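The values are calculated or read from the model by the stated rules, or taken from the named source; none is laboratory data. Note that this is a predicted model, so its numbers are computed, not measured. Here the Cβ positions follow ideal geometry from the backbone for every residue, glycine too, while neighbour counts run over all protein chains shown. Heavy atoms of the whole protein, side chains included, go into the accessibility calculation; ligands, DNA and RNA do not. Shrake-Rupley method; radii C 1.70, N 1.55, O 1.52, S 1.80 Å.
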Amino acid sequence: MQALRPTDAVSAANRLVNDLSGIRPGNAAFLSRPHRLLIDGVWVEAASGQTFDVRDPSSDQVITRVALGERTDIDRAVAAARKAFEGADWSRMKPVARERLLHRLADLIEAHADELAELEAIDNGKSVVMARHVDIKHAIEVWRYMAGWPTKLEGQTLPISGTLVPGHEYAAFSQREPVGVVGAIIAWNFPFLLATWKVAPALAAGCTVVLKPAEETPLTALRLGELVLEAGFPKGVLNIVTGLGPTAGAALAEHPGVDKITFTGSTEVGRLIVRAAAGNMKKVTVELGGKSPVIVLDDADLNTAVPGAASAIFFNQGQVCCAGSRLYVAERHFEGMLEGLRAQAKALKLGPGLDPSAQLGPLVSAIQRERVMKYIGEGLARGARAVAGARAVQSPGYYVEPTVFADVKEDMSIVHEEIFGPVLVVEPFQDLTEVVRAANNSIYGLGASIWTRDVHKVFTIAPQLRAGTVWVNCHNILDATMPFGGYKQSGWGRELGREAVYSYLESKSLCINFAA
Ligand code: NAI
Ligand code: MG
């Protein structure tokens, strides 16, 4: 048989596939060992003995397999978390000792930061450079920030009047106590970071956790489990059950032994979580979808606004809950912004996560690429004009070209539904009232950004935007101390900052009649 000669197309496609032969020895060893569930401080098989595939999004190849946890495994994990919550090692641990443990874990994460970033890039498809300088760097900062909380969870002395029973004299205090066993269900777009957003404040508050990572990206959560054991946390404080949403996820959300459920993912599943939580009235935090507006005012500096708007949508392949996916541009800048964005989209270098020069990686899964391509097809069918992109890339990986649509209408699905891919819609506006109305015309309210040099306009518009975070001359900026979450159908509650820690605490009032 005649040997096939690589055509240009084949070699171009090869450049889009990760070369796994040179990965760090720690990750090579990790990928080749079996991946079990972490229950009560021990790695165990799923009760069914079954496993599922983990794929590299740049090649569609199976890179490892992990245990397929289901309802029985969730039962075991919740029982372990309950035992640990009530056990002396964790419940009586002094706040300062809990802080030391959390810092020890942060040290271990920091020591393995490059390795974790590489593993995240392989598992999710994202750029290893971004994984290191955004996902893992931010996660370390969150672990350290949360590590500072145990010694600061103060209550109050309350000056009560106590007038209801004559002759009584009262002293009253409030104190904060951990809410109990936490179930955490997370998405695949920032796997290690989302695990951190949930687990770090929960442990700082003194809770115990059952974590269910997304089935697309379970690997860095499993590495986190190994590091938690290495740091010396008591067994059962963090349990990890890998598995599918409708089985393992649903079992966790409705489990009567779970006191609080915290979820990041689609609004559709968020609604299921809320319903499932109603059974035993779990406390609920849900961080859901978005369709965040980016507003470029007439005085904006396009040298900042063009790359800013491009990165607001193309960062992480647009798989960001607060991605700036609707761009509103003051009329005088409309053509300039479109041209600038077209050039930015064209210049982005597509490549696999492990290529440090790649700027746009594959989407996380074949299903996600299908979803995104379906939206692009709907946009084209409705007459939207593709200024850039709008095609899938010929490759075994899940790449979609960075796409910019103009000539869009508010009732098009690409304008009002979350796409969760590198797809931007751009519309011109004439005045501030009009753009505020358009920006708020969404079921979502996660983020928004305003691009201007006029401080008066900032303070006029920002209070009118129904969004959990409003950025000015920046977008997608997060910090350990800054609460993050949604208005409207973008969710309930806040991640990060003091508010995240408090969401894992109950408040208890202590009222003493000392005249008795
Ligand atoms: P999803 O909401 O189905 O998955 C997120 C997590 O929920 C995963 O761990 C999954 O296993 C779990 N899950 C799924 N069904 C469940 C159920 N019935 N009960 C309990 N847990 C369940 O998100 P999916 O399917 O991966 O993505 C669909 C769309 O959701 C995306 O296209 C995007 O628009 C949106 N999304 C938004 C995210 C955000 O950060 N806000 C993150 C991921 C997806
Ligand atoms: Mg789903």
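Key figures
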{"item": "Long-range neighbours under 7 Å by Cβ, at least six apart or interchain, first residue part of a loop (DSSP other than H, G, I, E, B) within the stretch 154-176, second aromatic (F, W, Y) and open to solvent by 70 Å² or more (accessible area, probe 1.4 Å)", "result": "G155/F173; E169/F514"}
{"item": "Candidates T247, T220, filtered to the one that is among the polar types (S, T, N, Q) and either under 19 Å from I109 (Cβ atoms) or under 18 Å from the mean Cα position of the chain (by Cα) (or both)", "result": "T220"}
{"item": "Failed item, numbered, when M337 is tested on (1) within 25 Å of A390 (Cα to Cα); (2) part of a helix (DSSP H, G or I); (3) open to solvent by 10 Å² or more (accessible area, probe 1.4 Å)", "result": "(3)"}
{"item": "Residue, farthest from P246 (Cα to Cα), within the stretch 258-286, restricted to residues that are within 16 Å of ligand 2 (Cβ to nearest atom) and part of a strand (DSSP E or B)", "result": "V286"}
{"item": "Filter result for V294 (under 23 Å from H475 (Cβ atoms), within 16 Å of ligand 2 (Cβ to nearest atom) and not in a helix (DSSP H, G or I))", "result": "no"}
{"item": "Unique match (being more than 14 Å from ligand 1 (Cβ to nearest atom), assigned to a helix (DSSP H, G or I) and open to solvent by less than 10 Å² (accessible area, probe 1.4 Å)) among G236, G249, G225", "result": "G225"}
{"item": "So A312, is it among the aliphatic types (A, V, I, L, M) and under 21 Å from the mean Cα position of the chain (by Cα)", "result": "yes"}
{"item": "Residue list for the stretch 438-469, restricted to those being open to solvent by 50 Å² or more (accessible area, probe 1.4 Å) and in contact with a Phe, Trp or Tyr (Cβ under 7 Å, 6 or more places away or on another chain)", "result": "R466"}
{"item": "Unique match (being within 12 Å of ligand 1 (Cβ to nearest atom), open to solvent by 10 Å² or more (accessible area, probe 1.4 Å) and closer than 27 Å to S58 by Cα) among R271, R342, R369", "result": "R369"}
{"item": "Neighbours by Cβ (under 9 Å, 6+ apart or cross-chain): first from the stretch 463-480, of a type in the set (D, E, K, R); second assigned to a loop (DSSP other than H, G, I, E, B)", "result": "R466/S442; D479/L496"}
{"item": "One residue from G289, G308 being modelled with pLDDT under 95, open to solvent by less than 50 Å² (accessible area, probe 1.4 Å) and either assigned to a helix (DSSP H, G or I) or not basic (K, R) (or both)", "result": "G289"}
{"item": "Spans of helices (runs of 4 or more DSSP H) in the stretch 68-124 with at least 3 residues buried (at least 16 other Cβ atoms within 10 Å of the Cβ) and either in contact with a Ser or Thr (Cβ under 9 Å, 6 or more places away or on another chain) or touching a residue at least 12 places away in the same chain (Cβ under 8 Å) (or both)", "result": "71-86, 95-111, 113-124"}
